[in-house]
Amino acid sequence: MAKEFKLPDLGEGIHEGEVLAVRVAVGQAVKEGDIILEVETDKAAVEIPSPTTGTVLEILVKAGDTVKGGQVLMTFSLPGE
């Protein structure tokens, strides 16, 4: 079963950001903590780490997209799936 990755809380009062870079590709293996996205808010640019170890199944955003907290950004398959 695919695991959805949603934009985490980026800080107090910050509800959206702009995707600066997607650092992974579909089919790429990632480890928990690997940087997968860069997002800029009105306060700072932040690197977003992978929440899990697995393989990227689908990327639903691209550089330049505005994303909101809780929005699904990508999906992963978990080891053994």
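Bear in mind that the values in this text are calculations on the coordinates, not laboratory data. Just so it is clear, the structure is predicted and the values come from calculations on it, not from any experiment. We place every Cβ from the backbone using ideal geometry, glycine too, and count neighbours over all the protein chains shown.
Where (i) 1.04; (ii) 1.33; (iii) 1.45 are the candidate values, the label of the one calculated here for Cα Rg over 2.2 N^0.38 Å is (i).
Under a Cβ-Cβ cut-off of 15 Å, what is the net charge of the residues other than residue 58 that fall near it, where Lys and Arg count +1 and Asp and Glu count -1? Net charge around residue 58: 0.
In this simple spin-label approximation, residue 25 and residue 6 carry label points 7 Å from Cα along the Cα→Cβ vector, and these lie 3.0 nm apart. Can you find, among 21, 61, 78, the residue sitting farthest towards the positive end of the charge dipole of the chain, where Lys and Arg contribute +1 and Asp and Glu -1 at Cβ? Of the listed residues, the answer is 78. Annotation note: GluC sites (Glu not before Pro) in segment 10-49 located in DSSP loop regions with a Cβ neighbour count of at most 16 within 10 Å are 12, 32.
Taking Cα centre as origin and charging only the Cβ of basic (Lys, Arg, +1) and acidic (Asp, Glu, -1) residues, the dipole magnitude of the chain rounds to 200 debye. Candidate cross-link partners of residue 62 among the aspartates and glutamates, defined by an alpha-carbon separation under 17 Å and a same-chain spacing of 8 or more, comprise 4, 16, 18, 38, 40, 47. Between residue 18 and residue 65, residue separation times 0.36 nm minus the direct Cα-Cα distance comes to 16.4 nm. Sites listed here are trypsin sites (Lys or Arg not before Pro) in segment 9-81 whose DSSP assignment is loop and whose Cβ has at most 10 other Cβ atoms within 10 Å: 31, 62. Sequence-distant contacts, meaning Cα pairs under 8 Å at least 6 residues apart, place the relative contact order of the chain at 42 percent. For segment 20-37, 3J(HN,Hα) computed residue by residue from phi via the Karplus equation (6.51, -1.76, 1.60; θ = phi - 60°) reads 8, 7, 9, 9, 10, 10, 4, x, 7, 7, 10, 10, 3, x, 4, 6, 10, 8 Hz, glycine and proline entered as x.
With Cβ to Cβ distances under 14 Å as the rule, what net charge do the other residues near residue 2 carry (K, R +1; D, E -1)? Overall, the nearby charge balance is -1.
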